[in-house]
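Let me give you the structure first, and then I'll get to my questions.
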């Protein structure tokens, strides 16, 4: 390709595309060498998702103005930024846009000036910038490009000559941070940026965009080094959100950064006075969102469990399939951690305030708010992007992914998961979303069956078969704490609620084989109510001790002592040795929004005994 001395918006967009496609090809390897700031194995995925948003903005409509194209790309990166590396990339692009936004065409000198601003913006976004990271190669590229401007005849030679210095800086990261030295790898974020530059260089020299791909994860176990299975000892959740300035207040980025730096680590605040992206590691994501609300309108809340991500990155090599569920499933924490079940949170909305179920709002907080807030809450399924992000990440560490989701008869959660599964599955890995036809603790038992099959080495077809078998043999019963919440939420007509109150009728909801959850009976009065509920469940579960064993989850709506007593009484009603486990957990909003505090819920999975 002849020497280009200037780039317009269309040419610059193609240069960016080539770099993005190159990164997509390397996503899996970047995940495998990710050890800093925590070895959660998602740097490649986060950079790919961030640049996927940029790619979508480039493809939306041609933009011949180079500066306007960069501004558009930066805005898309900010909206789509994922993880530490993604937030830094977004800030780098923002600096490029601010440095060259007024230019219809870019010369090599103007490009170098914009690079310097981009590298400075990226460094300023971090509360504690560290050398030996992506910041190092951003800075070195800006210096190399500036030095090469008088020596280069155009963009192809500028990139080719600058990259030798950048590659040296990349290799030096191997010894700059203790975590990288221990694993004998270069920094994953730094390598990701260098791969983008390599793709750009190739296009400028040959005119070839490279392989037009979306991120595909090869599952190849080979890597330059092996990340140790360490964890972030200080914080659990990688937390992110967007903040948009209100009509009467610009975002004070410095004040926002200072405020957040006191509550977490790995802080990146990227953006401008009109829009900012927050990335920080904390234990309490809701604290981040509440602070952010003081600076503007908050959206795009997410919180990834880094312990679970690290577990996935270093899972048993015999496990071929990852198991995902949504937070509509209520599962005791010890089962989630022991079996490596990955959870995508549903959304809870009280008036204009939104929460991530079981992440930024615990079940205890949910029931407290349910009683005190005059606005009845609504729940909504996670957006497909949340599932896609989870599936993309897990697909880089497993051969396949299977998701067990809330009944499609009452929620769009399965549909959101299925859309994401189809998209990610089309990119090279088997990904399936299965309708549990259940909810709460019943969905939890089905997810447990799936995870046990996966740990035993089952392929995705056998894991799916385990889900279907468990779904056929799992029943859920909920004794509502109050009919009032079901009436407020519109699940029960007001006249039915009035009659139930007049008759002192305690309504029992239950699941049915078609996935519907509806009234399945009632108990009059409050005398020995818990014991009568136990008898109701035992009579209707159809358990045959000669051919089956029993697995039980019990959930409670903010009443742990009542839940414990229910679990004990229930287990005693079955023959000795017939119950594999009877475990207690908090009940989330899937059923709790309709039953309120004091609701008790039981799920029973009748598991066939192995035949001789």
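Full-extension gain between residue 151 and residue 547, please, as 0.36 nm times their residue separation minus the C-alpha to C-alpha distance. Please report the intermediate quantities before stating the final value.
On the way: separation 396, 0.36 × 396 = 142.56 nm, distance 8.19 nm.
Value of the extension gain: 134.4 nm.
Hey, got the Cα dimensions of segment 313-391 along the principal axes, in Å, largest first?
51, 27, 16
With axes computed from alpha carbons, what is the tilt in degrees of helix 363-372 against the longest principal axis of the chain, rounded to the nearest 10 within 0 to 90?
70 degrees
Okay, moving on. Give the Debye-formula value of log10 I(q)/I(0) at each listed q (0.13, 0.17, 0.21 Å⁻¹), with one equal scatterer per alpha carbon of segment 472-612, two decimals each.
Each listed q maps to, in turn, -0.55, -0.91, -1.32.
So, one more: Counting only DSSP beta bridges with both residues in the chain, what percent are antiparallel, rounded to the nearest 5? Each step should come with its number before you reach the end.
Working: 56 of 78 bridges.
Of those bridges, close to 70 percent are antiparallel.
Now for a different question. Find how many whole Å separate the alpha carbon centroid of segment 100-174 from the alpha carbon centroid of segment 543-612.
The two parts, judged by their Cα centres, are 60 Å apart.
With angles folded into 0 to 90 degrees, how steeply does helix 155-172 sit against the dominant principal axis of the chain? Use alpha carbons for both and round to 10.
Tilt of helix 155-172: around 60 degrees.
Per DSSP helix of 4 or more residues, -39500 (n - 2.57); summed, then divided by the residues of the chain. What does that give at 222 nm, rounded to the nearest 500? Walk me through the numbers before you get to the answer.
On the way: 24 runs with 293 residues, N = 612.
That calculation yields -15000 deg cm²/dmol at 222 nm.
Right, here's the next one. Tell me, in nm to one decimal, what length is gained between residue 572 and residue 501 on full extension, where the rule is 0.36 nm per residue of separation less the Cα-Cα distance? The partial results should precede the final answer.
Working: separation 71, 0.36 × 71 = 25.56 nm, distance 3.15 nm.
So the chain would gain 22.4 nm between residue 572 and residue 501.
With each label point set 7 Å from Cα along the Cα-Cβ vector, what nm distance links residue 318 and residue 290?
For residue 318 paired with residue 290, the spin-label model returns 4.6 nm.
Sort 238, 541 so that the residue with the fewest other Cβ atoms within 10 Å of its own Cβ comes first and the one with the most comes last. Write down the numbers at each step before the final one.
Numbers: 238 27, 541 19.
Ranking 238, 541 by Cβ neighbours within 10 Å, fewest first, gives 541, 238.
Between segment 232-255 and segment 36-51, what is the C-alpha centre distance in whole Å?
Result: 19 Å between the Cα centres.
Of the peptides 550-562, 520-532, 350-362, how do they stack up when ordered by the mean number of other Cβ atoms within 10 Å, highest first? Show your work: numbers first, answer last.
Details: 550-562: 22.2, 520-532: 13.8, 350-362: 19.0.
In descending order of packing, they fall as 550-562, 350-362, 520-532.
Going from the alpha-carbon gyration tensor of segment 6-206, what semi-axes, largest first and in whole Å, does one get by taking the root of 5 times each eigenvalue?
Numbers: eigenvalues 127, 68, 45 Å².
Over the Cα atoms of segment 6-206, the ellipsoid semi-axes are 25, 18, 15 Å.
What does the convex hull of the Cα atoms of the chain come to per residue, in Å³, rounded to a whole number? Provide the component values of the computation, followed by the final result.
Working: hull volume 93.2 nm³, N = 612.
About 152 Å³ per residue, rounded to a whole number.
For segment 232-306, take every pair of Cα atoms, bin their distances at 10 Å starting from 0, and report each bin as a whole percent.
All Cα pairs, binned at 10 Å, distribute as 22, 57, 19, 2, 0 percent.
Next up: Among 29-35, 147-153, 592-598, how do they line up by average Cβ neighbours within 10 Å per residue, starting with the highest?
Ranked by mean Cβ neighbours within 10 Å, highest first: 29-35, 592-598, 147-153.
For an R0 of 25 angstrom, estimate the FRET efficiency from the Cβ-Cβ distance between residue 56 and residue 337 and round to the nearest 0.05. Before the final figure, lay out each step's value.
Details: r = 36 Å, r/R0 = 1.43.
FRET efficiency, residue 56 to residue 337: 0.10.
At 0.36 nm per residue, minus the direct Cα-Cα distance, what do residue 564 and residue 262 gain on full extension? Give it in nm, one decimal, please.
104.9 nm
Roughly what angle does helix 413-425 make with the longest principal axis of the chain, taking Cα atoms, 0 to 90 degrees, to the nearest 10?
40 degrees
With just the Cα atoms defining each centre, how far is segment 501-538 from segment 80-97? Give it in Å.
Segment 501-538 and segment 80-97 have Cα centres spaced 53 Å from each other.
Throughout, read-outs are computed from the coordinates displayed, never taken from laboratory work. The shown structure was predicted, so the numbers you read here are calculated from the model rather than taken from an experiment. Every residue, glycine as well, gets a Cβ built from its backbone with ideal geometry; the counts of neighbours run over all protein chains shown.
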